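Q: One structure follows; several queries about it will come next.
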Amino acid sequence: MTDLVLHQFPGAYGMESLSPFCTKLASYLQLAGVPHERRLGDPREAPRGKLPYVRWDGALLGDSQLIIERCQTELGDPLDGRLDAEAKALGHLLRRAAEDHLYWALLAMRWGDDDVWRASYRDAIAGALPKGTGWFLPGLIRRGVVKSLHHHGLGRHSRETVDAQGVADLDAVAAAMRGDFLLGDAPTSFDCSVWAMVEHLRVTPSERPLVLHARAHPVLGPWCERMRAATSTTTTRDGRLTP
């Protein structure tokens, strides 16, 4: 039996982790039936300096997508194995839209929006850092993230443009859905990826149009609730999370 420990950031805004990529991987492990343990992680230990990462039979492995792909190769593919090539191609494009664009809109809101940062996200980040660093380290990290947003390009746009582009992403995902879940009547790894980004938008305490659109969307709202229900977990006495 594979011994797998997921290391992730602590929670915020009612989510188990403040990182959507941690949410993505945790939900995949849950839905795929991979027994695992969840612990707080340390970026200094992570293979790529980022969370999430896993300790798999004693070895460290980073990057949520690479971890999912290794699970699919070595443990079977119960979520995506039934999909045909066309469905997998659509799922791939939806995941790219969510992770390579919508995610950056989320970053721009949480890290770049002064109102969101001062009201809540600075404290959420401080709570995830080593004791004694919360008074200065969040600001240093923020400057780096804002710089990355500028290099990416989205950080050069106005709030209105960022929100409008994010709304277009959400509407495109909704229009492409093929059933109760993204690609049919059951969740896939692609649901885990896209849902993580959308749900983290929905729970961010902001009244910006992008957040309000994500919360009130007639298609994505019910889908997010179905994903929340599908990824609920129980914890055994030894702390291992079991589907």
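Q: Mind checking whether some residue in the range 78-91 is closer than 24 Å to Leu201 by Cβ, in the same structural domain as Asp123 (by TED's automatic domain parsing) and touching an Asp or Glu at 6+ places or on another chain (Cβ under 7 Å)?
A: Within the range 78-91, none of the residues are closer than 24 Å to Leu201 by Cβ, in the same structural domain as Asp123 (by TED's automatic domain parsing) and touching an Asp or Glu at 6+ places or on another chain (Cβ under 7 Å).
Q: Quick check on the range 233-241. Is at least one of its residues of a type in the set (Ser, Thr, Tyr) and at pLDDT 95 or above?
A: no
Q: If the Cβ limit is 6 Å and pairs must be 6+ apart or interchain, which residue in the range 117-128 that is part of a helix (DSSP H, G or I) pairs with which residue that is buried (at least 20 other Cβ atoms within 10 Å of the Cβ)?
A: Taking only residues 6 or more apart or on different chains, the pairs are Tyr121/Arg110; Arg122/Pro138; Ala124/Ala12; Ala124/Leu18; Ile125/Pro138; Ala126/Pro138.
Q: Next up: Which one is farthest from Ile141 (Cα to Cα) among residues in the range 49-99 that are small (Gly, Ala, Ser) and crowded, with 16+ Cβ neighbours inside 10 Å?
A: Only one residue fits best here, namely Ala87.
Q: Sort out for me the helices (runs of 4 or more DSSP H) sitting completely within the range 161-232 that have 3 or more residues that are polar (S, T, N, Q) and crowded, with 16+ Cβ neighbours inside 10 Å.
A: Hits in the range 161-232: none.
Q: Six or more apart or on different chains, Cβ atoms under 7 Å: show the pairs whose first residue is in the range 158-172 and in the same structural domain as Leu94 (by TED's automatic domain parsing) and whose second is among the small types (Gly, Ala, Ser) and assigned to a helix (DSSP H, G or I).
A: Val162/Ala105; Val162/Ala108; Gln165/Ala105; Gly166/Ala105; Asp169/Ala97; Leu170/Ala214; Ala172/Ala97
Q: Checking Ser17 against (1) in the same structural domain as Arg156 (by TED's automatic domain parsing); (2) without any contact (Cβ under 8 Å) to a residue 40 or more places away in the chain; (3) surrounded by 14 or more Cβ atoms within 10 Å (Cβ to Cβ), only one condition comes out false. Which one?
A: It fails just one condition, (1).
The values are calculated or read from the model by the stated rules, or taken from the named source; none is laboratory data. None of these values were measured; they are calculated from a predicted model. Ideal geometry is used to build each Cβ from the backbone, glycine not excepted, and the neighbour counts take in all protein chains shown.
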